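The values are calculated or read from the model by the stated rules, or taken from the named source; none is laboratory data. Computed from a predicted model, the values in this text were never measured in an experiment. Note that we place each Cβ from the backbone using ideal geometry, even for glycine, and neighbour counts take in every protein chain shown. Surface accessibility is based on the protein's heavy atoms, side chains included, excluding ligands, DNA and RNA. Shrake-Rupley method; radii C 1.70, N 1.55, O 1.52, S 1.80 Å.
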Amino acid sequence: MKIYLLEDNIIQQQRLEGMIKEICAEESVSYQNLVATGRPRDLISSLQDATLHTLYFLDLEIHDEEQKGFEVAKEIRRSDAYGTIVFVTTHSELAMKTFEYHIGAVDFIDKGLEPKAFRKRVRDCLLLASERRETSIPLGMFRYHNGQSSFQIPFAELLYVETTGIPHKLRLVSTTRIMEFYGDLKELEGIDDRLFRTHRGYIVNLEAIREIDRRNKVIQLHGGSSCLVSRRLIKGLLEAWERRRGEGDNLKR
């Protein structure tokens, strides 16, 4: 488990960081690392598409921006759909706002609580996150994160990714949406073995292929979409597709 703490008041930050470490030691809650910062940008840039469960303690008001924590939480959700988010704030009147942002926070802890009650709430969140880490993160999500782009979509919806003609700008086509982002096709190739480079301008989800037209070098995908495959890569594509279909048949048995 990883733990992130966003708090711009250094005294409050040190207090909560020390409390988290004490509770983890008392309750035998193991964690890989604890990152404490007062800068939202630092927290977001340090996020990784890790398989470890992550717990976030977020202050709501950062540098006099009363609802900055909500914005940070939305950014977190783009790259981490399964992390545990907890708000720690003096603005308890904004608790209902979490529903408007579709963040899925598990608690909203008021800093003004009596110390014993405050510590109990932090402890309960740590224990909950510790239990959640035993649940494996689904492998059915395509996740992408770099310095410029961060998002995730279900693999079952992903059809292909293509270049746009603008350097480093790519277009992702899925069954539910089309989105553009900055990245590199070479980076995508190694993310998952379900992704196959079919052309200098395309990477395809093998599980989305419906038919391969060898004569016209065109791939037909579910939902009526299509993309190109080069003559040089078609043999490897056919082998990878057949192998993937065979693995799928074995899983069904």
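Partner lysines whose Cα lies under 17 Å from the Cα of Lys21, excluding those fewer than 8 positions away in the same chain, are identified as Lys2, Lys116, Lys120. A convex hull fitted around the alpha carbon atoms of the stretch 141-215 yields 96 Å³ per residue. Less than 5 angstrom separates the built amide H of Ile191 from none of the residues sequence-distant by 5 or more or on a different chain.
Listed by chain and number, the lysines whose alpha-carbon sits under 18 Å from that of Lys74, ignoring those within fewer than 8 places in the same chain, are Lys97. Split the chain at each of the GluC sites (Glu not before Pro) in a DSSP loop with at most 13 other beta carbon atoms within 10 Å, and the longest piece is 135-253. The alpha-carbon of Lys186 sits under 18 angstrom from the alpha-carbons of these lysines, leaving out residues fewer than 8 places away in its chain: Lys169. Report summary: the helix-based calculation at 222 nm, which adds -39500 (n - 2.57) for every DSSP H run with n ≥ 4 and divides by the residues of the chain, gives -10500 deg cm²/dmol. Per-atom-type breakdown for the chain gives carbon and sulfur 48% of the accessible area (1.4 Å probe, protein chains only).
Using a probe of 1.4 angstrom and keeping all protein chains present, the accessible surface of the stretch 143-185 works out to 47 square angstrom per residue.
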